[in-house]
Amino acid sequence: MQQQAITAVQTTPPSNYWDGLITETEAADYLCQSVRTIQKWRVTGYGPKFYKSGRSVRYRRRDLSEWIEQRSHSSTSSYSAV
């Protein structure tokens, strides 16, 4: 019998993964929202931090994750609509 080499599949993202910038379409997918919704959030100041260079809008994965965590609630009574 031949011995087969087993290659390890990388299951953890690279160290700079969370600091990488993504497009608004990728950010909308990550947040399970439409692109139009996150565009409205940018105008009103409700959404996560974003970066803009010229016409390009980018989001950092870490900022999206932190923004989501800030909106977690344990019950509906602990939620206050702001």
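The values are calculated or read from the model by the stated rules, or taken from the named source; none is laboratory data. Since the model is a prediction, treat every value here as computed from it, not as a measurement. Positions of Cβ are backbone-derived with ideal geometry, glycine not excepted, and every protein chain shown enters the neighbour counts. The area values use the complete protein model at the heavy-atom level, side chains included, leaving out ligands, DNA and RNA. Shrake-Rupley method; radii C 1.70, N 1.55, O 1.52, S 1.80 Å.
The table for this structure:
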| read-out | value |
| --- | --- |
| Which numbered condition Asp19 fails, given (1) out of contact with any Gly (no Cβ under 7 Å at 6 or more places or on another chain); (2) modelled with pLDDT of 95 or more; (3) open to solvent by less than 80 Å² (accessible area, probe 1.4 Å) | (2) |
| Matching residues, segment 26-76, being open to solvent by 60 Å² or more (accessible area, probe 1.4 Å), of a type in the set (A, V, I, L, M) and touching a residue at least 12 places away in the same chain (Cβ under 8 Å) | Ile68 |
